[in-house]
Amino acid sequence: MAQTFEVSILGSSSALPTSQRHPTAQLINVAERYFLVDCGEGTQIQLRRYHFRMQRINHILISHLHGDHFFGLVGLLSSMHLLGRVQTLHLYHPPGLKEIIDIQMRYSCTALKFPIEYHVHDLEQPKLLFEDKVMEVHSFPLNHRIPCCGFVFREKPRPFLINKEKVTSLRVPVSQMGALKRGEDVTLADGTIVPNAELTCGRTKPRSYSFCSDTIFDLSVIQYIKNSDLLYHEATFADDMMERAKTTFHSTAREAGQVARQAEAGKLIIGHFSARYHDTGILLQEALSEFPETVAAEEGKTYSIDEQLIVQKKE
Ligand SMILES: [Zn+2]
Ligand SMILES: [Zn+2]
């Protein structure tokens, strides 16, 4: 059965919001597991506007503690509480966030009805944040003015799809189905060994999405995001603000395109646009000149990564 892999953009602006754009937030849905990545101011309103159910979010990942990436968090937690949440919420974050939340809850006399599990980032090296039978999420360090992490969402390899006709005609024992799904060859009752490729129709390629939050242009991230089907990279400035990009540890749209090209990404989404660009066309043009498969993040839009069947060569 087809499995969902979607990225929905809730905020595409950088530090200053505009009347059209909100600060950073994205909702990732992998096989009905919902992850909120960053939570700029107004994120809960954006969730409502685009009809996402906030209580389905069990994991919130905060890339860094610049306000445009987490000032919406306390409001969201408070609404989850008011809506009767009891389920544990997992927060993945740089050091300091628990203190910030505790003090706001204390002075607003809010005793959350649900537990929060805090998971502090490793700011030096990649770290496995979440794993289940379907997928895994990793963080990796980024090069920004303050400690900052990016994230990779990766599907685990899916089972091989059994060719029912072939399996029935060769009378493959039921006990061998597990081995077939794992990609192994099977032995029939008469001792004949049948290669896996003859009995399966291949399997879908594991998909991945990488989120490069605020960062200066730095190709050392390639090792973490290589071959992502979908890559988000910040593109705060156009070429005209190259110097400003460097001093503020941000990237230009062209640099985002260079990262996508070197990472051999399938598709690039650029975002975190400076409020000075009313029209993001110039940013898109500059990124496109480096990487043709680029789109400019559009709030309310969901980008899905399609399943792709890989068929094994039959010997
Ligand atoms: Zn930012
Ligand atoms: Zn920042």
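All of the numbers you see were taken from the coordinates with simple rules; none came from a lab. Computed from a predicted structure; not experimentally measured. Here Cβ is always computed from backbone atoms with ideal geometry, including for glycine, and neighbour counts include all displayed protein chains.
How much length would be gained if the chain were fully extended between Leu83 and Ala111, taking 0.36 nm per residue of separation minus their Cα-Cα distance, in nm to one decimal?
Working: separation 28, 0.36 × 28 = 10.08 nm, distance 1.35 nm.
8.7 nm is the gain from fully extending Leu83 to Ala111.
Restricting the count to DSSP beta bridges whose residues both fall in the stretch 96-254, what percent are antiparallel, rounded to a multiple of 5? Show your work: numbers first, answer last.
Values: 19 of 24 bridges.
For the stretch 96-254, the DSSP antiparallel bridge percentage is about 80.
Please compute the length gained on full extension between Cys201 and Thr168, using 0.36 nm multiplied by the number of residues separating them and subtracting their Cα-Cα distance. The partial results should precede the final answer.
On the way: separation 33, 0.36 × 33 = 11.88 nm, distance 1.43 nm.
That pair, Cys201 and Thr168, stretches by 10.5 nm at full extension.
Could you tell me the center-to-center distance, by alpha carbons, between the stretch 85-147 and the stretch 1-48 in angstrom?
Centre-to-centre distance over Cα atoms comes out at 17 Å.
One quarter of the convex hull surface, Cα atoms only: what value does that give for the chain in nm²?
Numbers: hull surface 75.4 nm².
Over every viewing direction, the Cα hull of the chain projects on average to 18.8 nm².
Could you give the nm distance between label points at Ile45 and Gln223, where each point is 7 Å from its Cα heading toward the beta carbon?
Taking the two extended label points, one gets 4.2 nm.
Calculated from DSSP H runs of 4 or more alone, at -39500 (n - 2.57) each and per residue, what is the 222 nm mean residue ellipticity of the chain, nearest 500? Mind showing how you got there, number by number?
Numbers: 10 runs with 72 residues, N = 315.
The per-residue figure over the chain is -6000 deg cm²/dmol.
Label points 7 Å out from Cα along the Cβ direction at Thr192 and Gln285: separation in nm?
Reported label-point gap for Thr192 and Gln285 is 6.5 nm.
Taking amide H positions as placed in the peptide plane 1.01 Å from N, state which residues far from His90 in sequence (5 or more) or on other chains have amide H under 5 Å from it.
The answer is His59, Ile60, Glu117.
Test of understanding: ordering Asp214, Asp229 by Cβ neighbours within 10 Å, fewest first, what list do you get? Each step should come with its number before you reach the end.
Numbers: Asp214 27, Asp229 19.
Least crowded to most crowded, the residues run Asp229, Asp214.
Can you tell me the relative contact order of the chain? Whole percent, Cα pairs under 8 Å, sequence separation 6 or more. All intermediate terms of the calculation are to be shown ahead of the outcome.
Values: 709 pairs, mean separation 51.5, N = 315.
That works out to 16 percent.
On a full-extension model of 0.36 nm per residue, what is the gain between Lys98 and Ala275, subtracting their alpha-carbon distance, rounded to one decimal in nm?
On the way: separation 177, 0.36 × 177 = 63.72 nm, distance 2.99 nm.
Here the answer is 60.7 nm.
For the stretch 173-178, what does the Karplus curve 6.51 cos²θ - 1.76 cosθ + 1.60, with θ = phi - 60°, yield as ³J(HN,Hα) per residue in whole Hz, taken in order and with x for Gly and Pro?
Couplings: x, 4, 4, 8, 4, x Hz.
Out of all DSSP beta bridges with both ends in the chain, state the antiparallel percent to the nearest 5.
Working: 36 of 63 bridges.
Within the chain, antiparallel bridges account for around 55 percent of the total.
Label Glu307 and Val120 with points 7 Å out from Cα along Cα→Cβ: what is the distance between them in nm?
Computed distance between label sites Glu307 and Val120 equals 4.2 nm.
Could you sort the peptides 125-135, 64-74, 164-174 by per-residue average Cβ neighbour count (10 Å cutoff), highest mean leading? List each step's numbers first, then the result.
Numbers: 125-135: 14.0, 64-74: 21.2, 164-174: 12.1.
Highest-to-lowest ranking by the protection proxy: 64-74, 125-135, 164-174.
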